[in-house]
2 protein chains.
Amino acid sequence: MSSAKSRDALMQELEEAMRRSSAQGVMYGQAVANMAGISNSDMECMDILHLEGRVTAGRLAEVTGLTTGAITGVVDRLEKAGYVRRERDESDRRKVFISVVEEKAMEIGKFYVPMQEAMLKLWSSYTDDELRLLLRFANDGYKGVLQATEALKAVIEMPPEQRADLKMPPKSRR
Amino acid sequence: MSSAKSRDALMQELEEAMRRSSAQGVMYGQAVANMAGISNSDMECMDILHLEGRVTAGRLAEVTGLTTGAITGVVDRLEKAGYVRRERDESDRRKVFISVVEEKAMEIGKFYVPMQEAMLKLWSSYTDDELRLLLRFANDGYKGVLQATEALKAVIEMPPEQRADLKMPPKSRR
DNA sequence: GCTAATTATCTTAGTTGCTAAGATATTTAT
DNA sequence: ATAAATATCTTAGCAACTAAGATAATTAGC
C-alpha cells in the first residue's frame with residue numbers, strides 16, 4: 001500500500017513534468033517561427049514537410065486540421081518567402097505537391113541548433129540501455145496519444161447525459 | 001565505432017519519436033480547445049492557471065508571449081464563459097489576479113480523460129525504477145529546453161555574419 | 001506631501017489568418 | 001457523354017492578434 005502510494009505520486013510528478021516540458025517545447029517552436037518571420041501554422045507545415053517529405057496540399061490540411069483554403073494561404077506565404085515550391089502532379093493534374101527548398105529551409109534549421117545541442121547534451125548523460133527505454137517510451141507514448149485522440153472523438157459523439165458520467169481525472173494538489 | 005554508430009542512430013530515432021509524439025500532443029490539445037469552444041490561447045492560459053494557480057494578467061502575458069492587450073481579450077472571453085474570475089489585488093490595486101472557477105473548469109477536464117487513461121495504461125507497463133528514469137529525463141529535458149530558449153535569445157542578438165557560422169544539425173535522411 | 005517616473009491593465013485602430021461556402025479544374029464512374 | 005467525386009483556389013466575413021497609447025495606481029525624488 002505504501003509502495004502503491006509512492007508509485008501514484010511518481011506518476012503524478014511524471015505527468016506534470018511532461019506537461020511542463022511539452023509546454024516549454026511549444027514555446028520554443030513559437031519563438032523559432034517568430035524569428036523566421038513566419039506564422040505558427042506555417043512553421044507546423046514546414047515541420048510536417050520535414051517529417052513526411054513531399055506532400056500534397058490536401059494532406060497538409062488533413063494533418064494540421066486546417067481547411068484547404070487556409071492551406072492555400074500557408075503555401076502562398078511559404079512559397080513567396082522561398083521556403084517551398086508548388087509542383088503539380090503530372091499524372092493527376094488536380095493535385096499540388098509541396099516540396100521544401102532545402103537551401104532556404106536551412107536558415108530556419110539554424111534556430112534549432114540551441115535546442116539540438118541541449119538535447120544532445122542531455123542524452124549523452126544516459127547509457128545505451130537507458131536511451132533504448134526512452135525510445136520505447138516515446139514510441140509507445142505516440143501510439144497512446146493517437147489512441148486517445150480516437151477516444152476523444154468518441155466523446156464528441158456521446159450524448160451529453162452520458163458525457164456527464166465520465167469519471168474525472170485525479171486532481172493534482174498545489 | 002560500430003557501437004558509436006548505433007548510439008547515434010538511437011539518438012536520431014529518439015529525436016524523431018519525440019517530435020512526433022509532441023506534435024500529436026499539440027493536436028490533442030487543439031482538439032480539446034475546440035470541443036470546449038475556446039481558442040488555443042485561451043486553453044494555454046487555462047493550462048498555466050492549472051500549473052501555477054492564481055496568477056496576474058501580466059504574468060499570463062509573460063508566459064504566453066502575448067501582449068497585455070491580447071491577454072485582456074483572453075481573460076474577457078474566459079470570464080464571460082465562466083471559466084475564470086478577475087480579482088483585484090487589495091494591496092496593489094493595479095494588479096488583477098485571474099483565478100480558475102473549478103466547477104466550470106472540470107467540464108474541460110473531462111476531455112482530458114482519454115489522454116490520461118492512455119498515459120496511465122502506458123505507465124503501468126513500466127517498473128518503478130523505469131518511471132524514476134523517465135521522471136528524471138522529463139525534468140532534465142525541461143531544464144534543457146529552458147536553457148535552449150535562453151541560447152536562442154543569444155542567437156537573435158548575434159550579428160548575421162556570425163550567425164552564418166553556426167554549424168548545422170545533422171540532417172535526418174528519409 | 002507634491003511631482004515625476006514607473007508599473008499594470010485596458011482600449012482602440014488596423015492587420016493577419018482563419019472558416020464557410022462556393023468556383024474552377026480535373027479525374028472517375030455510369 | 002454526362003454526372004459525381006476529388007483537389008485546390010477564391011471570396012467575404014469574422015475572430016484574435018499587435019502596436020500604440022489611455023487610464024489608474026504605486027513608488028521614488030525632492
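The values are calculated or read from the model by the stated rules, or taken from the named source; none is laboratory data. These figures come from a predicted structure and were not determined experimentally. Heads up, the Cβs are rebuilt from the backbone with ideal geometry, glycines too, and the neighbour counts pull from every protein chain shown.
Each row is one residue, and each column tells you yes or no for (1) surrounded by 18 or more Cβ atoms within 10 Å (Cβ to Cβ); (2) under 27 Å from A:F111 (Cα atoms); (3) more than 20 Å from the chain's Cα centre (by Cα); (4) aliphatic (A, V, I, L, M).
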position	(1), (2), (3), (4)
B:P114	yes, no, no, no
B:M119	yes, no, no, yes
B:L122	no, no, yes, yes
B:Y126	yes, no, yes, no
B:E130	no, no, yes, no
B:F137	yes, yes, no, no
B:V145	yes, yes, no, yes
B:A151	no, yes, no, yes
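Of all residues in region B:127-154, those that are more than 7 Å from chain A (Cβ to nearest Cβ), in a helix (DSSP H, G or I) and not basic (K, R) total 3. Here is a check on your reading of the model: is A:V84 under 30 Å from B:S125 (Cβ atoms) and within 16 Å of DNA strand C (Cβ to nearest atom)? Spelling it out, it is not the case that A:V84 is under 30 Å from B:S125 (Cβ atoms) and within 16 Å of DNA strand C (Cβ to nearest atom). Can you name the number of the only condition in (1) more than 13 Å from DNA strand C (Cβ to nearest atom); (2) within 12 Å of another protein chain (Cβ to nearest Cβ); (3) surrounded by fewer than 16 Cβ atoms within 10 Å (Cβ to Cβ); (4) without any contact (Cβ under 8 Å) to a residue 40 or more places away in the chain that B:Q12 fails? That leaves (4) as the condition not met.
The rows are residues; the columns are (1) of a type in the set (D, E, K, R); (2) within 11 Å of another protein chain (Cβ to nearest Cβ); (3) away from DNA strand D (no atom under 13 Å from the Cβ).
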{"site": "A:G29", "(1), (2), (3)": "no, yes, yes"}
{"site": "A:E44", "(1), (2), (3)": "yes, yes, yes"}
{"site": "A:V75", "(1), (2), (3)": "no, no, no"}
{"site": "A:K104", "(1), (2), (3)": "yes, no, yes"}
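Of these, A:A33, A:A81, which one is under 18 Å from the mean Cα position of the chain (by Cα) and either within 26 Å of B:V155 (Cα to Cα) or in contact (Cβ under 8 Å) with a residue 40 or more places away in the chain (or both)? Let's see the steps before the verdict.
Numbers: A:A81 fails: under 18 Å from the mean Cα position of the chain (by Cα).
When all the criteria are applied, what remains is A:A33.
Among the numbered conditions (1) at pLDDT below 95; (2) acidic (D, E); (3) part of a helix (DSSP H, G or I), the only one that A:E90 does not meet is (3). Note on region B:27-43: among residues that are touching a helix residue (DSSP H, G or I) at 6+ places or on another chain (Cβ under 6 Å) and within 18 Å of B:T72 (Cα to Cα), the one that is nearest to DNA strand C (Cβ to nearest atom) is B:N40.
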